[in-house]
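Below is one structure, written out as structure tokens; comments come after it.
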Amino acid sequence: MKEIACKLLVIGAGPGGYVCAIRAGQLGIDTVIVEMAKPGGTCLNIGCIPSKALIHAADDFHGAVAMAAGRNAMGIGAENPAIDLAKTVAWKDGITGRLTMGVSGLLKKAGVKIVVGRAKFRDGKTVAVETETGQQVIRAENVVIATGSAPVELPALPFGGKVISSTGALSLTEVPGRLAIVGAGYIGLELGIAFAKLGSKVTIVEALDRILPLYDAQLTQPVARRLSALGAEVLLGTKVRGMSATGEALLAETGDGEEKRISADKVLVTVGRRPVTEGWGRQELELDMDGRFLRIDEQCRTSMRGIYAIGDVTGEPMLAHRAMAQGEMVAEIVSGKRRNWDKRAIPAVCFTDPEIVSVGLSPDEARAGGRETKVGQFPFTANGRAMTLSSEEGFVRVVARADNHLVLGIQAVGTGVSELSAAFSLAVEMGARLEDIAGTIHAHPTLSEAFAEASMKALGHALHV
Ligand code: FAD
């Protein structure tokens, strides 16, 4: 048994943990990080990056199919487009491989010691890791729990065989002819739209009466229309019961009690993610919980002195950039700096077609808070760049206080709007007013002009609509 001591021990090398460890190393803190799988966690290996790679490949293929069918207004043609999904997966694995190697390199460059294995607390200051070469005991002044999240499994549809999670969907080497998806949240819809573009007959089953419940209906309507245009069927208010006895079909029941039998080659279950709060010795500690998550304060401190928690294990929104922001902050706090962060400015981006972005409050949320608001909305039909991209669906919407024009929230739906999220977050984080955005010169022709125009509209003088 080997023993080491350090000032900071990070458990889990996902975006939360690895960013925390890199920043701590940069600050000269003696840091150890333990990871039982691959550096980069869910996000780099089986989440954000591989899903966006698949979405990009699906977009290219779908565009080529449209060209081959003569459905291309620009006059571009193509013949017999084909996709070899095994090659697509190999290409995607190449990207994740480069990124995870990059993370290992950055950790080493920052002087962080990497220990490979499963970490388990013995007490609040001691963690034992089962490594390939035996047990390693690590004593630490401070510990950061960054164990992330895992897909929720439905008792009626356990993973295995044709029932797959997002991880399985991202490794398929053949496009399933019929793909049933359970859950119309962002992961299910991002993957569902990608597979519909790759040629699968997609059926989405959702227990609620709407898709993407985190966003308002105005933002999700263009996505619903796109799903329909791609031939995907969406069964709302429908609960899954399990697989048929032969395993050929997914069984479900609508709100009216009508039985549905959905023949499927694969059943993708995306009904949410659960925080990983087991498997690392939580029972040895006295950590307060906040429902299913670890309870933390504004500085990510748990209820035990010297133990912090960050990322998906600490609550919603379960997003990589939230985990990273928390990780960076905790490293700085451990180094003695005073740090805080502004939760209001966390962007939520849904990489569906079209994409959706939301930062801060929606008009309904702002009104529910009792505020008088000014709302400006500018459509991409009036934006030159959107026309040149053949993507005129969608809009940018700005929500501001009526009295002093302080921007409370910004939302957009449209092709490529994920890249506008940086400007939206900056505006909310810096406390911009409508006049600041309207008065900023936005490059022409860009989609971002719709942001300035939406702000002008809220002020009552949009130029191009
Ligand atoms: P994770 O990334 O889950 O990392 C936790 C790490 O801890 C894992 O590597 C795990 O092996 C390790 N670990 C756990 N227990 C132990 C232990 N006992 N000992 C050692 N190691 C341990 N987010 C976005 O912001 N944008 C997106 O576009 C996006 N797309 C997504 C698409 C999909 C398909 C999925 C599944 C998720 C997506 N997410 C996205 C969510 C994002 O991946 C997570 O929010 C993010 O990875 C959370 O980071 P984390 O550091 O908290 O945990």
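The numbers here are math on the coordinates, done by the rules we state, and not lab data. Since this is a predicted model, take the numbers as computed values, not measurements. Cβ sites come from the backbone with ideal geometry, for glycine too, and all protein chains shown count toward neighbours.
Can you flag which of LYS7/LYS109; LYS120/LYS343; LYS92/LYS201 are past 27 Å Cα-Cα? The answer is LYS120/LYS343.
Restricting the stretch 1-106 to trypsin sites (Lys or Arg not before Pro) that sit in a DSSP loop and have at most 11 other Cβ atoms within 10 Å of their own Cβ leaves ARG71. Derived value for the stretch 242-292: Kirkwood hydrodynamic radius 14.7 Å. Basis is the mean of 1/r over every pair of different alpha-carbon atoms.
Could you please state, rounded to a whole Å, how far the C-alpha centre of the stretch 114-140 is from the C-alpha centre of the stretch 321-376? Each part reduced to its Cα centre gives a spacing of 34 Å.
Loop-located trypsin sites (Lys or Arg not before Pro) in the stretch 254-327 (DSSP state not H, G, I, E or B) with no more than 14 neighbouring Cβ atoms inside 10 Å: ARG292, ARG305. Mind checking which lysines have their C-alpha under 16 Å from LYS457, skipping anything on the same chain fewer than 8 residues away? Answer for LYS457, where 16 Å is the Cα cut-off: LYS374, listed by chain and number. What the Cβ-Cβ distance of GLU372 and ALA207 gives, at R0 = 41 Å and to the nearest 0.05, is a FRET efficiency of 0.70.
Rounded to the nearest 5, the antiparallel percentage of DSSP beta bridges internal to the chain is 60%.
Under a 5 Å amide H to amide H cut-off, with H placed in plane at 1.01 Å, what residues pair with VAL115 once short-range neighbours are removed? Residues meeting the criterion, in which the H sits 1.01 Å from N, are ILE33, VAL34, GLU35.
Taking other C-beta atoms within 10 angstrom as a stand-in for reagent exposure, MET1, MET430 fall in the order MET1, MET430, fewest first. Estimated at 0.36 nm per residue, the fully extended path between LYS239 and LYS108 surpasses their Cα-Cα distance by 42.4 nm. 3J(HN,Hα) along the stretch 155-169, derived from phi through the Karplus expression 6.51 cos²θ - 1.76 cosθ + 1.60 where θ = phi - 60°, amounts to x, 6, 9, x, 5, x, x, 7, 8, 10, 9, 4, 4, x, 4 Hz, with x in place of Gly and Pro.
Taking a spot 7 Å from the Cα of ALA402 along the direction of its beta carbon, which residues of the stretch 340-380 have an amide N less than 16 Å from it? So the set is 363-376.
Note on HIS461 and GLU419: with the Förster distance fixed at 22 Å, the Cβ-Cβ geometry gives a FRET efficiency of about 0.25.
Here, the stretch 294-426 is characterised by an Rg to Rh ratio of 1.07, where Rg is the alpha-carbon radius of gyration and Rh the Kirkwood radius. Just so you know, the Rg over Rh for the stretch 348-437 is 0.98, from Cα atoms, with Rh as the Kirkwood radius. Remark: spin-label model distance THR173-PHE159 equals 2.0 nm, labels positioned 7 Å along the Cα→Cβ axis.
Using the Karplus relation 6.51 cos²θ - 1.76 cosθ + 1.60 with θ = phi - 60°, the per-residue 3J(HN,Hα) values for the stretch 316-321 come to 7, x, 7, 9, 4, 6 Hz, with x marking Gly and Pro.
Report, to one decimal in Å, the Kirkwood hydrodynamic radius for the chain based on all distinct Cα pairs.
On the way: mean 1/r = 0.0417 Å⁻¹.
One over the average 1/r among Cα pairs gives 24.0 Å for the chain.
Estimated from the Cβ-Cβ distance and a Förster radius of 30 angstrom, the FRET efficiency linking ASN340 and MET387 is about 0.10.
Only lysines eight or more places from LYS87 in sequence, or on another chain, were considered; those with a Cα closer than 18 Å are LYS52, LYS197. Site pair GLU429 and LYS52 shows an inter-label distance of 1.6 nm when each label is modelled 7 Å from Cα along Cα→Cβ. Rounded to the nearest 500, the 222 nm mean residue ellipticity of the chain from helices alone is -9500 deg cm²/dmol, with -39,500 (n - 2.57) taken per DSSP H run of at least 4 residues. Taking 0.36 nm per residue of separation and subtracting the current Cα-Cα distance, fully stretching the chain between ILE95 and ASP364 would add 92.9 nm.
Centroid-to-centroid, using Cα positions, the stretch 198-270 and the stretch 378-408 are 30 Å apart. Placing a label point 7 Å from the Cα of THR440 along the Cα-to-Cβ direction, the residues of the stretch 450-465 whose backbone N falls under 12 Å of that point are 450-453, 455. Given +1 at the Cβ of Lys and Arg, -1 at the Cβ of Asp and Glu and no other charges, the dipole of the chain around its Cα centre is 960 debye to the nearest 20.
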